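Structure first, commentary second.
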Amino acid sequence: MSFDDVKYIPILCLKPAEMAALEELPEKDKDNLLPLIPLKKWTTASNLEKACARLKKAFSDRPIILDLDRDYLKECIGKTTQIAQELLDLNDSSKGYAKWVSFFKENPNYLPVLQLQDSNELHAQIDGFIEIKSSIVLRLELTNKLTINDYTDVLKKIYSKKNNIVNLLIILDYGDFDRTDLINIYKYVQVINWFSKFFPEAKISISGTSFPYSFTGSYKGEIPIYERQIYNKIVSNIEGLSLIYSDRGSARANSLNGGGGVPPPRIDYPLKNDWRFVRKEFITGDENEKEFLYYEACKEVIASDYWDANLHLWGTQMIEKTALKDPYGITSPQKATAVRINIHLYIQLHYFDKLDELDTDEDWVD
């Protein structure tokens, strides 16, 4: 596929909240979205087929970029379960990651992220994707103190093959962003200009997230979406180059460690440039209190000046249901997360549109 018409590349986890948020987007909006999802085990499923079935349920047969979840692969080492073996096989670099290439030959709606762990097999891997005429995604994870210089060998090899690649997408994935990254904006501009010079036919995307890891002690407020601010500043400082916006869909770059009990009920409401939230502290901690606090938080969000009564999405409808004490409303952190991600995906996809002029109603299918 060509990446020219892609408006937004959210990097999402194969988890219930993200999949629900993606599935519940209006169907016509999914056509302009290209999610990147690292493969891992789907909840308690025993095989990779179930993970692929969940992707299809959420996104039909539309194109999806697939990578391998490196953290989950570490958990697979030494295990003999079917899903562990299937994922380890896909990560096998022998014969140019032959099983990884074959997976995309068998599933043409999936788009591959190049596996870079064994650079000796990179040429053969690229040749495999060229042979099946697949578009290719180069995801450079610039986290954990990794820099562009750490990918010099990889970039040289891809450069030598660039004229034979059907379509190339380069994602500069910085993981976590914060306010200090706005000060270093020209660092990102220089990197993007460099890639544009050496890979002029490629599409380029820069990605990261600034969603906070903790709300402890906060009642309500607003959090700037720094990844959007960074993107906007980069775009205003480059010429003749069209970037694709990417983020984590309002999720965190890294998972929080388990433990600590049930977090206090919190409702997040995404806007174009910031997230608003209302958080309620437990007093008794029982189940009835949890549902009541979600109800209270939703009522407060709806009564706020930032609430858009004309925005008819699954996420906003879930907030409205909860404020009416509907038992199918938000009753858990997982549902609250799915609601936030659903609204965030839609709003970032339509960042440059007037939201009150958009039609979110689905066409009737008999």
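Against the longest principal axis of the chain, how steep is helix 287-302, in degrees 0 to 90 to the nearest 10, with axes from Cα atoms?
So the helix axis and the longest Cα principal axis differ by about 80 degrees.
Test of understanding: what is the full-extension gain from Glu106 to Asp118, defined as 0.36 nm times their sequence separation minus their Cα-Cα distance?
2.0 nm
Output the relative contact order of the stretch 107-263, whole-number percent, from Cα pairs under 8 angstrom with separation of 6+ residues.
Values: 198 pairs, mean separation 32.9, N = 157.
It comes to 21 percent, rounded to a whole number.
Please check the chain for the longest run free of GluC sites (Glu not before Pro) that are loop-located per DSSP (anything but H, G, I, E, B) and have at most 13 other Cβ atoms within 10 Å.
The reported range is 1-200.
Can you give the extra length, in nm with one decimal, that the chain gains between Glu289 and Leu146 once fully stretched, where that is 0.36 nm per residue apart less the Cα-Cα distance?
47.0 nm
Can you give me the relative contact order of the stretch 245-338 as a percent, contacts being Cα pairs under 8 Å and 6 or more apart?
Value for the stretch 245-338: 25 percent.
How high is the relative contact order of the stretch 55-178, in percent, with contacts defined as C-alpha pairs under 8 Å that are six or more residues apart? Walk me through the numbers before you get to the answer.
Numbers: 154 pairs, mean separation 27.5, N = 124.
Taking the mean separation of contacting Cα pairs over the length of the stretch 55-178, I get 22 percent.
Ordering Trp100, Trp194 from largest to smallest accessible area (1.4 angstrom probe), what's the sequence?
Largest accessible area first, the list is Trp194, Trp100.
What part of the accessible area of the chain, given as a whole %, is carbon or sulfur when the probe is 1.4 angstrom? Working shown, then result.
Details: 8520 of 17780 Å².
Within the chain, the accessible surface is 48 percent carbon and sulfur.
Most fluctuating residue of Asn193, Asn167, Asn342 in a GNM of the chain with Cα springs under 10 Å: which is it?
Asn193
Label Lys57 and Glu281 with points 7 Å out from Cα along Cα→Cβ: what is the distance between them in nm?
3.9
Provide the descending list of Cα extents for the stretch 129-210 along its principal axes, expressed in whole angstroms.
That works out to 43, 21, 20 Å along the principal axes.
First measure r as the distance between the Cβ atoms of Asp127 and Asp31, then evaluate 1/(1 + (r/R0)^6) with R0 = 25 Å and state the FRET efficiency to the nearest 0.05.
0.20
Quick one: if the Förster radius is 22 Å, what FRET efficiency do Asn310 and Tyr351 give, using the C-beta to C-beta distance and rounding to 0.05?
Details: r = 17 Å, r/R0 = 0.78.
Calculated value: 0.80.
Provide the gained length on full extension for the span Asn254 to Lys187, in nm with one decimal, where the gain is 0.36 nm per separating residue minus the Cα-Cα distance.
On the way: separation 67, 0.36 × 67 = 24.12 nm, distance 2.36 nm.
Length difference between fully extended and current span is 21.8 nm.
Match the structure shown to one of the listed values [x] 19.8; [y] 21.1; [z] 25.2 of mean projected area of the Cα convex hull in nm², computed from it, and give that label.
It is the one labelled [x].
Given a 1.4 Å probe, how much area per residue of the chain is accessible, in Å²?
That works out to 49 Å² for each residue.
Please find, in a Gaussian network model of the chain (springs between Cα atoms separated by less than 10 Å), the residue of Asn47, Asn254, Asn32 whose mean-square fluctuation is greatest.
So, out of Asn47, Asn254, Asn32, the one fluctuating most is Asn254.
Determine ³J(HN,Hα), in whole Hz, for all residues of the stretch 90-103 in sequence, where each value follows from phi through the Karplus function 6.51 cos²θ - 1.76 cosθ + 1.60 and θ = phi - 60°; x replaces Gly and Pro.
Using θ = phi - 60°, the values come out as 5, 8, 5, 7, 4, 6, x, 6, 4, 6, 5, 5, 4, 4 Hz.
Count the lysine pairs in the stretch 200-295 that are 8 or more places apart or on different chains: how many have C-alpha atoms under 28 angstrom apart?
9
With springs only between Cα atoms under 10 Å apart, run a GNM on the chain and tell me which of Asp89, Asp176, Asp67 wobbles the most.
Among Asp89, Asp176, Asp67, the largest GNM mean-square fluctuation belongs to Asp89.
The values are calculated or read from the model by the stated rules, or taken from the named source; none is laboratory data. Quantities reported herein were computed from a predicted structural model and do not represent experimental measurements. Backbone-built Cβ (ideal geometry, glycine too); neighbour counts: all protein chains shown. The area values use the complete protein model at the heavy-atom level, side chains included, leaving out ligands, DNA and RNA. Shrake-Rupley method; radii C 1.70, N 1.55, O 1.52, S 1.80 Å.
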